[in-house]
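Bear in mind these aren't lab numbers, they're just calculated from the coordinates by the rules spelled out. Remember, it's a predicted structure, so these values are computed and weren't measured experimentally. Cβ sites come from the backbone with ideal geometry, for glycine too, and all protein chains shown count toward neighbours.
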Amino acid sequence: MTMDSAPREKILDVACGAVKHAGATGIDIAVAPGVDVVHDLGVFPWPLDDNAFDRILCRNCMEHLDDIVRTMEEIHRIAKPDGILEIWTPHFAHPNSFRDPTHKRHFTFGTFDYFTGGVLYPIYTDRKFEMIERKLMFRKKFSIGKLLSSLSERRWEKYYSHHWPAHGMYFKIRIKK
């Protein structure tokens with residue numbers, strides 16, 4: 001197989017709006033340039049095939065959704081085995097998390113542990129996910145919050161995040177089937 005005939009990665013850009021990732025299929029409730037599938041993401045199932053996507057992007061959309069557990073289950077359904085889910089979302093301590101009146105959910109550094117098995121709390125779904133990477137995002141290259149979080153994200157979140165908040169978080173999760 002030559003490089004030209006290598007299969008292309010199938011990407012879904014969830015709630016893409018008018019800024020869809022190049023080469024992706026875009027799904028959104030709003031009609032906009034780049035939206036390929038117009039659908040309310042709160043209505044399940046989404047009109048997408050099972051095991052269809054290698055990579056699913058959720059860029060600043062999870063905080064707008066009503067049912068995160070059902071959304072994760074739907075992502076699991078439409079992702080290929082070992083597919084990758086990437087999530088960008090505001091950190092709950094940053095004012096942007098609460099500023100937007102359409103935000104329904106606020107996330108911590110450990111929220112997605114409920115799906116990846118990283119907590120001792122109840123698991124809300126039988127779908128399997130694996131945390132590959134997660135990081136806090138700070139606007140300034142050098143900040144007290146970034147320094148404190150580099151020592152311990154959990155301690156920073158519990159004691160210091162309201163004083164020196166991260167503006168967002170990134171999660172890279174593998175879909176296990």
message: Show me the three semi-axes of the equivalent ellipsoid for the range 60-119, from the C-alpha gyration tensor (sqrt of 5 times each eigenvalue), largest first, rounded to whole Å.
response: 22, 13, 10
query: What percent does the relative contact order of the range 64-177 come to when contacts are Cα pairs within less than 8 Å and at least six residues apart?
result: 40 percent
statement: Note to self: Kirkwood Rh of the range 91-160, Cα pairs, one decimal, Å, is 13.9 Å
Separation in nanometres of the label points that stand 7 Å from Cα toward Cβ, at Asp82 and Thr125: 2.1 nm
field: Residue-span extension gain [Tyr159 to Lys104] - 0.36 nm each, minus C-alpha spacing
entry: 17.4 nm
message: Using a Förster radius of 25 Å, what is the FRET efficiency between Phe142 and Val19 based on their Cβ-Cβ separation? Nearest 0.05, please.
response: 0.30
- line: Length gained, Ile132-Lys10, 0.36 nm per residue minus C-alpha separation, equals 42.0 nm
message: List the trypsin sites (Lys or Arg not before Pro) within the range 81-165 that DSSP assigns to loop and that have no more than 14 neighbouring Cβ atoms inside 10 Å.
response: Lys104, Arg139, Lys140, Lys141
message: Could you compute the net charge surrounding Arg174? Neighbours are other residues with a C-beta less than 13 Å from the C-beta of Arg174; K and R count +1, D and E count -1.
response: +3
statement: Residue separation between Lys177 and Val43 times 0.36 nm, minus their alpha-carbon distance, gives in nm 45.9 nm
- request: With N set to the residue count of the range 9-176, report its C-alpha Rg divided by 2.2 N^0.38 Å to two decimal places.
  value: 1.05
- prompt: If contacts are Cα pairs under 8 angstrom and at least 6 residues apart, what is the relative contact order of the range 40-119 in percent?
  reply: 33 percent
query: Cα centroids of the range 31-66 and the range 131-164: how far apart, whole angstrom?
result: 29 Å
- prompt: Hey, got a sec? Which chymotrypsin sites (Phe, Trp or Tyr not before Pro) in the range 125-177 land in a DSSP loop and have at most 14 other Cβ atoms within 10 Å?
  reply: Phe142
message: Taking 27 Å as the cut-off for C-alpha to C-alpha distance, list the pairs among Lys20/Lys135; Lys135/Lys176; Lys140/Lys177; Lys80/Lys140 that go past it.
response: Lys140/Lys177; Lys80/Lys140
